[in-house]
Amino acid sequence: AVPLRPDLLAVVEDEAQALALLGFEAEAFGADRALLRAHPATLRGDPAEALRETVASLLHGRGGERTVVERGLATVACHSAIRAGKRVSDAEVRALLARMDQVDFGDHCPHGRPAWTAITRADLERMFGRR
């Protein structure tokens, strides 16, 4: 069971269909908890924290331009991403870069942060005191 504030627990009940589209199966379990029965298979972190953040993004985004599902997908995508400090093999890096080339996402994550940056030779030389 995942502890949740009452306002977030209400979102679990109100947005059950949207949560299901995102891969979460959850239901109210008492006055301050949600029973998490399923979560997206791509999650790399804590499923309870991912549910909390997804539900919070749905709550705070109500009435905005993006749909409930789009906001939820952005949160799930962040929790499914490789985080800073995680070691990845050369093969994983090549596979990720190849997949990035196949997707038109505007070079930014769903939250607007850049997904990559260009570093010129001159930049590298300055970083290593060569100029």
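Here are a few things to note about the model shown:
- Given charges at Cβ of Lys, Arg, Asp, Glu: the chain dipole, positive-most of F128, M100, A56: F128
- Based on the convex hull around the alpha carbon atoms, the chain presents an average projected area of 10.6 nm².
- Entry note, the chain: relative contact order of 19 percent, from Cα contacts under 8 Å with a spacing of 6+ residues.
- Rounded, prolate or oblate (a/c below 1.5 giving rounded, otherwise prolate when a/b exceeds b/c) for the stretch 1-51 by Cα gyration tensor: oblate
Computed from the coordinates by the stated procedures, all read-outs in this text should not be read as laboratory data. Everything numeric here is computed off the predicted structure, so don't read it as measured data. Every residue, glycine among them, receives a Cβ derived from its backbone with ideal geometry; neighbour counts consider all protein chains shown.
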